[in-house]
1. Restricting attention to the stretch 53-90, which residues are touching a Ser or Thr at 6+ places or on another chain (Cβ under 6 Å) and of a type in the set (Lys, Arg)?
2. Going by the structure shown, is residue 15 over 26 Å from residue 221 (Cα atoms), in contact with a Phe, Trp or Tyr (Cβ under 7 Å, 6 or more places away or on another chain) and part of a loop (DSSP other than H, G, I, E, B)?
3. If residue 178 satisfies all but one of (1) of a type in the set (A, V, I, L, M); (2) closer than 18 Å to residue 69 by Cβ; (3) crowded, with 19+ Cβ neighbours inside 10 Å; (4) under 19 Å from the mean Cα position of the chain (by Cα), what's the number of the condition it fails?
4. Name the residue that is farthest from the chain's Cα centre (by Cα), counting only residues in the stretch 198-233 that are crowded, with 24+ Cβ neighbours inside 10 Å and assigned to a strand (DSSP E or B).
5. So for the stretch 57-74 (the condition being in contact (Cβ under 8 Å) with a residue 12 or more places away in the chain, of a type in the set (Lys, Arg), within 28 Å of residue 233 (Cβ to Cβ) and not assigned by TED's automatic domain parsing to the domain that holds residue 234), does at least one residue qualify?
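The values are calculated or read from the model by the stated rules, or taken from the named source; none is laboratory data. Note that the structure is predicted; figures quoted are calculated from it, not measured. Cβ sites come from the backbone with ideal geometry, for glycine too, and all protein chains shown count toward neighbours.
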Amino acid sequence: MEIPIYQADAFASGLFRGNPAAVCPLDRWLPDATLQAIALENNLSETAYYVPAGPDRYQLRWFTPTVEVDLCGHATLATASVISEVRRETASTRLTFESKSGELLVDREDGLYHLNFPSRPPESCSANPHLLAGLNLAPAAILASPATILASQDYFCVYESEDQVRSLQPDMARLAAIDRFAVIVTAPGKDCDFVSRFFAPSKGVPEDPVTGRAHTTLIPYWSKRLGKQKLFARQVSRRGGEIWCQDLGPRVRIGGRAVQYLEGRITVPLQ
């Protein structure tokens, strides 16, 4: 059977920036093993799959090359852009996605896609010894995103400067041995409110270029620290990305652009 496949750069100011995600529309769910095998073959940080579930409503799942994840921002943004701009399945400016992290809304406004996700403010935690050894530079503070039934915990490491965050050269083998999903590192920005990076080597993603799910924790932290509801952020990976942020209390808005890169078809055995 043939499946359409698209690739878009999310949270990107232009092509070859931001975070690339693959998007595969389906008319029904395929076996999990097939979905995982396609994601491994794509070898991107995430491949998103969606199935229509009603007018302007879709079921949505995300896979790294090695595991299914419960929340992914950049692949959600990429999916919304494919539905709206490429396949033109709807003229609505709001899409609703049913996911393992509950109902997720995406609004299209002024050339940006705004993800409406649950807020996950960081909380105090004990640090795994592999964390400090893996980062090679001690942060000023170590917190963690909260543990919930639907979302995995990430370490949340705060540094004093953007230069420190940019200079990090983590030992990925050490970070792969930590007791949480991933590591978020962050600091005040020079030309933005804050910067971040995201490492998840145990999940097949040594460094994610731009990470929507991380901003469900970054936004409430920096909103409280800076006393601002609206913020502008950069993820300072090699590709780089721009994120327009808003703290809505129990929810956050995570805004960005999407740039289309690839369209094609893949062939898999009949299911």
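1. Residue satisfying the conditions is 57 alone.
2. On the way: over 26 Å from residue 221 (Cα atoms): yes; in contact with a Phe, Trp or Tyr (Cβ under 7 Å, 6 or more places away or on another chain): yes; part of a loop (DSSP other than H, G, I, E, B): yes.
Taking the combined requirement at face value, the residue satisfies it.
3. It is condition (4) that residue 178 fails.
4. Residue satisfying both the conditions and the ranking: 233.
5. First, pick out the residues of the stretch 57-74 that are in contact (Cβ under 8 Å) with a residue 12 or more places away in the chain: 57-74.
Remaining after also requiring of a type in the set (Lys, Arg): 57, 61.
Among the residues that remain, those that are also within 28 Å of residue 233 (Cβ to Cβ) are: 61.
Imposing the further condition that a residue be not assigned by TED's automatic domain parsing to the domain that holds residue 234 reduces the set to 61.
Scanning the stretch 57-74 turns up at least one residue that is in contact (Cβ under 8 Å) with a residue 12 or more places away in the chain, of a type in the set (Lys, Arg), within 28 Å of residue 233 (Cβ to Cβ) and not assigned by TED's automatic domain parsing to the domain that holds residue 234.
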